[in-house]
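Here the structure comes first, spelled out in structure tokens, and everything after it is commentary.
The values are calculated or read from the model by the stated rules, or taken from the named source; none is laboratory data. As the structure is a computational prediction, the values presented were derived from the model and not from experiment. Cβ placement follows ideal geometry from the backbone for every residue including glycine, while neighbour counts extend to all protein chains displayed. These accessible areas exclude ligands, DNA and RNA; they are computed on the full protein's heavy atoms, side chains included. Shrake-Rupley method; radii C 1.70, N 1.55, O 1.52, S 1.80 Å.
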Amino acid sequence: MTILQANRFSSLVGEIYDAAANPALRSAALEQVSNFVGGCAATILSRDAAGLAIEIHQHFGTDPRFRQLYRDRYVELDPLLDRHLHFAADQTVGVTDIMPHSDFVATSFYREWVEPQGAIDLATVALERSGARTTILQVLRHRSRGTVDDAMRERMRLLAPHLQRSRVMGRQIGARSHTVDDLADVLDGLSTAICLLDAEGRVVHANAAGRRLFADANLLAMVGDRIVARNTQTDKIFRSLLEIVSSSEIESAPRRQVGLATSIDGEHYLLHASALKRERHLSRDIATTVLFVQKASMVSSLVPDAIAAAFRLTPSELRVMMAIVEIGGVPDIAAKLGIAETTVKTHLGRLFEKTGAGRQADLVKIAAGFAAPFVQRTGSGNDTM
């Protein structure tokens, strides 16, 4: 995965969570998911544990006729649909995990359903799995792209937890009355600091993580109803993000901007600002911008193993990358890991080569792109995959 691909992954994760709150964005987000993993069509569907009913939740790239044929006949011939009960929850299952591809092309499922859609292969990954039903992401691979490869499998695996959590968020929001208090409860369940700002830059609402961020005051603080940066570099980045997002309301500039800032105690943070659609007749104190602030820390939610797999990093290279995110400078990394500075620089060069990054800040952004924004709950919860 190159740095451009990693940045696209990070942006796509944002689009997936945007779609949780806005159902109108879900079709476009699924299209981007399909394109990113290398597919030509994608479907999110569920089947009950008894195998009696199937529900197609979202789809992209499939003709209505083929969706109906799948429901009526070919669901029973799909060799992958029920296989997730026998594989790890986060494993992408491809045809070659079940049978030789040469045997697959001889099946009526392939000849009558897959091939007529211009596809040659397909892969699936579980989004939710319980005693009642299994929900999967199914992606078709166009014949021009060849059969499912390891890159497609890995990208589907990395996106699966974000799609699953987005679906949970969507159900939570959709099942409630959409009052301010209800939405605040959802936002307070996220570990990412989220602040809603009005057109004048005043804070309309901050979630629990945002309030903790302001209370710590190492990066940003609250003075009255406005956000104040604690150092010059952060202030410059913060103001620049708001200016760019503000200009995007009247120009064709990007609606989402990201910056990397450092707190007064040396911690790295990712600042992510995005414009909210606002009707012109609404009052000025309505939220127009959402600001996300996330600490770039190599905690378990950043999935170090997934980062290592995505870029084929050795254990030593992964340790150095983690240290870059958590510590920063080469001398400090060398002291922390107990190795020579020249060794750190050697690993750093290999990290640049494998990831396509050009500087340490790019490595931090790549790592932050793998973060899940949900609070890591402790104790006996009821969360399921």
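Things worth noting here:
- Solution diffusion estimate, µm²/s, Stokes-Einstein, the range 300-369, Kirkwood Rh from C-alpha pairs, 10 °C, viscosity 1.306 mPa s: 134
- Annotation: amide H-H contacts under 5 Å for residue 205 (H modelled 1.01 Å from N, sequence separation of 5 or more, or interchain): 196.
- Magnitude of the charge dipole for the chain, about its Cα centre and with charges confined to Cβ atoms of Lys, Arg (+1) and Asp, Glu (-1), is about 300 debye.
- Rough spin-label spacing in nm, given labels placed 7 Å along Cα→Cβ, for residue 142 and residue 87: 2.4
- Two-site FRET efficiency, residue 184 against residue 345, from Cβ-Cβ distance with R₀ of 30 Å, rounded to 0.05: 0.05
- Taking a straight Cα-Cα cut-off under 17 Å and skipping sequence neighbours fewer than 8 places away in the same chain, the lysines within cross-link reach of residue 354 are 345, 365.
- Helical segments meeting 18 Å axial Cα length and Kyte-Doolittle 1.6 threshold in the chain (DSSP H): none
- Among the protein heavy atoms of the chain, carbon and sulfur supply 50% of the accessible surface, probe 1.4 Å, non-protein parts ignored.
- Distant alpha-carbon pairs in the range 3-178 (separation over 19 angstrom), percent: 56
- Once the chain from residue 171 to residue 111 is taken as fully extended at 0.36 nm per residue, the excess over their C-alpha distance is 17.9 nm.
- With contacts taken as Cα pairs under 8 Å at a separation of at least 6 residues, the range 1-154 carries a relative contact order of 24 percent.
- Residue 45 long-range amide H proximity, modeled H, under 5 Å: 57, 136, 138
- Compared with the alpha-carbon gap, the fully stretched path from residue 55 to residue 336 is longer by 95.9 nm at 0.36 nm per residue.
- Extension gain, residue 221 to residue 46: 0.36 nm times the residue separation minus the Cα-Cα distance gives 58.5 nm.
- Building the convex hull from the alpha-carbon atoms of the range 52-114 and averaging its projection over directions returns 5.0 nm².
- In the full protein context, the chain carries 48 Å² of accessible surface per residue, based on a 1.4 Å probe and ignoring ligands, DNA and RNA.
- In nm, spacing of pseudo-spin labels at residue 233 and residue 312 (7 Å Cα→C-beta vector): 3.3
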